[in-house]
1. Can you report the number of residues in region 28-54 which are more than 16 Å from ligand 1 (Cβ to nearest atom) and crowded, with 17+ Cβ neighbours inside 10 Å?
2. Kindly check whether there is at least one residue in region 140-150 that is part of a loop (DSSP other than H, G, I, E, B), touching a residue at least 60 places away in the same chain (Cβ under 8 Å) and acidic (Asp, Glu).
3. Name the residues in region 74-90 that are over 24 Å from residue 41 (Cβ atoms) and either exposed (fewer than 14 other Cβ atoms within 10 Å of the Cβ) or touching a Leu at 6+ places or on another chain (Cβ under 8 Å) (or both), would you?
4. When only residues in region 129-173 that are more than 21 Å from residue 102 (Cβ to Cβ) and of a type in the set (D, E, K, R) count, which is surrounded by the fewest Cβ atoms within 10 Å (Cβ to Cβ)?
5. Please identify the pairs in which a residue from region 102-116 that is under 12 Å from residue 30 (Cβ atoms) and of a type in the set (Asp, Glu) has its Cβ atom under 8 Å from the Cβ atom of a residue that is at pLDDT 95 or above and in a loop (DSSP other than H, G, I, E, B), counting only partners at least 6 apart or on another chain.
6. Please pick out the residue among 174, 153 that is within 21 Å of residue 56 (Cα to Cα) and assigned to a loop (DSSP other than H, G, I, E, B).
7. Take region 98-148 and flag every residue that is touching a Gly at 6+ places or on another chain (Cβ under 9 Å) and among the aromatic types (Phe, Trp, Tyr).
8. Does region 104-121 contain at least one residue that is surrounded by 15 or more Cβ atoms within 10 Å (Cβ to Cβ), away from ligand 1 (no atom under 16 Å from the Cβ) and over 21 Å from residue 77 (Cα atoms)?
Amino acid sequence: MAYSYCALAVALLHVLTAACQTPAFNVTAISAKDNASRLQCWQLDAKPELSRAAVNFDLGEFDKSFVGIIPPQTTGGTLSNAQAVQYSLVMAGQVHVTTPYSGLPDELNEVWVEGGRYGFLIAADTVDVASHGHITEFPSHERTVIAQFPVKGNKAPEHSVLHEGPCVMADFEGW
Ligand SMILES: *[C@@H]1O[C@H](CO)[C@@H](O)[C@H](O)[C@H]1NC(C)=O
Ligand SMILES: *[C@@H]1O[C@H](CO)[C@@H](O)[C@H](O)[C@H]1NC(C)=O
């Protein structure tokens, strides 16, 4: 009995420690400013919550989510906008986004997103806020698979801007 209480306490401590050490959730956003799309690294206001032996971040509610399968080497993209504010989870393949009209230095206008662990994006550059949109290409030799979760109410999640340009590895160290 004593042993199992201890085991439970240790397990609980483990999760609590993880929560205390868990930094906030950062995500690359295709955002907009001055009527043009731009890349930003957002830190969501969502607080880490402990349950089911995990640290969880509330992503809110979605509307008509779907998954898209894009053929290999789909390049030659044209300027476009997010249809709605949505989370995009790149599960496989590769996505290359550029924002040529942001007014920011060139090195902040491009992101390569590989499917998998770092495949989380938010698209929020709807045409009403970004007359000049972004260009997306899917250069992988394999299909790109993206699960899309439009945010209910078409409203960006509460966040702060960590910096202009996409998130970099330092922004994903706890991910
Ligand atoms: C954005 O630019 C477009 C085209 O130049 C223009 O029609 C529109 O009024 C602009 N929107 C804002 C909010 O400035
Ligand atoms: C979010 O970004 C900050 C600043 O770069 C970093 O310290 C933190 O570890 C990042 N969070 C995660 C979960 O990687």
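1. 10
2. Residues of region 140-150 part of a loop (DSSP other than H, G, I, E, B): 140-143.
Those left that are additionally touching a residue at least 60 places away in the same chain (Cβ under 8 Å): 140-143.
Add one more test, that the residue is acidic (Asp, Glu), and what stays is 142.
Scanning region 140-150, I find at least one residue that is part of a loop (DSSP other than H, G, I, E, B), touching a residue at least 60 places away in the same chain (Cβ under 8 Å) and acidic (Asp, Glu), so the answer is yes.
3. 75, 76, 78
4. Across region 129-173, the extreme among qualifying residues is 173.
5. If the second residue must be at pLDDT 95 or above and in a loop (DSSP other than H, G, I, E, B), the pairs left are 110/99; 110/166.
6. Result: 174 is the single residue among 174, 153 that is within 21 Å of residue 56 (Cα to Cα) and assigned to a loop (DSSP other than H, G, I, E, B).
7. Result: 101, 138.
8. Within region 104-121, one or more residues are surrounded by 15 or more Cβ atoms within 10 Å (Cβ to Cβ), away from ligand 1 (no atom under 16 Å from the Cβ) and over 21 Å from residue 77 (Cα atoms).
The values are calculated or read from the model by the stated rules, or taken from the named source; none is laboratory data. In this text the structure is predicted, and so the values were computed from the model without any measurement. We place every Cβ from the backbone using ideal geometry, glycine too, and count neighbours over all the protein chains shown.
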